[in-house]
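I have placed the structure first, in the form of structure tokens, so that the comments after it can refer back to it.
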Amino acid sequence: MSFSGALKRRNAARVSFAYVAAAWLIIQVTATFSPAPLMAQPLRPPAPSEPMLALRDVAPVIECEALLKVDAVFTDADLTHLTSAAVFVEAGKRPYCRVEGYIAPQIRFALHLPTEGWNQRYLQNGCGGYCGTLASPDNVDAAAGCAPVADGAFARASTDGGHTAPFDDGLWAVDDPQAQVDLGYRAAHEVAVASKRIIAAFYGQGPRYSYFTGCSDGGREALMETQRYPEDFDGIVAGAPANIWSSLNGIFQPWVIGSNKAESGGYVITPEKIPALARAARETCDGVDGLEDGIIADPRACEFDPGVIECPAGREDGADCLTAAQVAAARRIYAAPAGLDGRQDLVLAVAVRAQRRGPHAVSRNPAAAGASPSMEPKFPCPSTKG
Ligand SMILES: [Ca+2]
């Protein structure tokens, strides 16, 4: 590939993937889109919260550093390699053994194992955007504020998803089907498998309960886990899942951003208006699912017109209302993608076709079916075995 060709691809990738950076905003805006009203299903009130089942604390049976010894957990024939293991002490948290490693070819992960008071539970975190960095396993998304997690009684893990890059840069995926597969579904699963083996070696038993939490792409990973590897976790939180990328990133997000572009070059609807828009949508749609709980269970079952919060006559703008231009932009977004002639059928057909082609094209990659032990890491991970 020529330099100019590579540059075009890089720029195209950056432009395309920049949409993901705004995914959280779009998800907020689009949470109440209603292209096709469906029958609303009545919801049951949530069960009263019950205290977490108490399990006895379990102590390690080997030293943290001993995990690095050959065959302590993994053999040379395994795809998983540990690169470091050391005890850390932080204020307000149980001391923990931090283990780092990678699963061939280059899925990096980190695992924190409490050295005292492990409650026999394991929590794995998803990564957001296009991942690409190894976040702390203590960034626990929806589990933040949960006391047993906060004080470090859980074993917890994180991964970079199988590549190194800024979270909004997708260039790593160009011509690399293995990396696509790894972020697509393999990283979350393989890290779960590897973590459970390490936990079993460290404590002399595996976790009694395992959980996954993730938001945005982490939410997509959560859904992927439920579909492909339902045995990995006992409980899963799929937060704001950025699901089905081909239509989401290829059509829907460009449509949302294009619909929200002002002639001046800026955006029409700005983030500070989202709370008012979300509040109005909830007021209109919350009860449609049969339960006033602040959650719109099926946005498609509700008709919502952003015009209900247009600023009143004599008042041009305000944090609690939308300008006329913002109402128009919101209506365009809510109307769903359409061609220049206003037709939606072709756009939707492209989206459906892309969905059908995407996953099958990736899953045919032979490495996806079962990675070969001969695959070498693509980044320099010093081997600490021995
Ligand atoms: Ca509701």
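With only alpha-carbon pairs counted, each pair once and no self-pairs, how large is the Kirkwood hydrodynamic radius of the stretch 65-244 in angstroms? Walk me through the numbers before you get to the answer.
On the way: mean 1/r = 0.0621 Å⁻¹.
Here the Kirkwood hydrodynamic radius works out to 16.1 Å.
May I ask you to derive the FRET efficiency for K69 and D175 from their Cβ-Cβ distance with R0 = 45 Å, giving the value to the nearest 0.05?
Working: r = 38 Å, r/R0 = 0.85.
Calculated value: 0.75.
If I take R0 = 45 Å and measure r between the Cβ atoms of A325 and D78 in this structure, what FRET efficiency does the formula 1/(1 + (r/R0)^6) give, to the nearest 0.05?
So the FRET efficiency works out to roughly 0.15.
Please arrange D141, D168 by how many other C-beta atoms lie within 10 Å of their C-beta, fewest to most. Working shown, then result.
On the way: D141 20, D168 17.
Taking fewest neighbouring Cβ atoms as first place, the list is D168, D141.
How big is the gap, in Å, between the Cα center of the stretch 210-267 and the Cα center of the stretch 278-328?
First find each Cα centre; the distance between them is then 23 Å.
Give me F212, F74 ranked fewest to most by other Cβ atoms within 10 Å of their Cβ, as a rough exposure proxy.
Final ranking by Cβ density, sparse to dense: F74, F212.
Under the 0.36 nm per residue contour assumption, what length would be gained going from the current alpha-carbon distance of E303 and A262 to full extension? Write down the numbers at each step before the final one.
Working: separation 41, 0.36 × 41 = 14.76 nm, distance 2.56 nm.
Net length gain for the segment: 12.2 nm.
Arranged by the count of other C-beta atoms within 10 angstrom, fewest first, what order do R279, R121, R156 take?
Details: R279 12, R121 22, R156 27.
Lowest to highest Cβ neighbour count: R279, R121, R156.
With a sphere of radius 11 Å drawn around the Cβ of I236, what net charge do the other residues whose Cβ falls strictly inside it have (Lys, Arg +1; Asp, Glu -1)? Numbers along the way, then the final one.
Details: positive: none; negative: E221, E225, D232, D234.
Around I236, the surrounding residues sum to -4.
Report the gain in length on full extension from I62 to R228: 0.36 nm times residue separation, minus Cα-Cα distance, nm rounded to one decimal.
Working: separation 166, 0.36 × 166 = 59.76 nm, distance 3.31 nm.
Taking I62 through R228 to full extension adds about 56.5 nm, to one decimal.
If I stretch the segment between A135 and A150 completely, what's the gain in nm (0.36 nm per residue apart, minus their alpha carbon distance), one decimal? Let's see the in-between values first.
Details: separation 15, 0.36 × 15 = 5.40 nm, distance 1.61 nm.
3.8 nm is the gain from fully extending A135 to A150.
T164 versus D293, label points 7 Å from Cα toward the beta carbon: distance in nm?
In this crude label model, T164 to D293 measures out at 4.4 nm.
What FRET efficiency, computed as 1/(1 + (r/R0)^6) with R0 = 30 Å and r the Cβ-Cβ distance, is obtained for A86 and R208, rounded to the nearest 0.05? Spell out each step's value before the answer.
Values: r = 26 Å, r/R0 = 0.87.
E(calc), rounded to 0.05, equals 0.70.
Throughout, read-outs are computed from the coordinates displayed, never taken from laboratory work. These numbers were taken from a predicted model, which means no experiment stands behind them. Glycine gets a Cβ as well: all are built from the backbone with ideal geometry, and neighbour counts include every protein chain shown.
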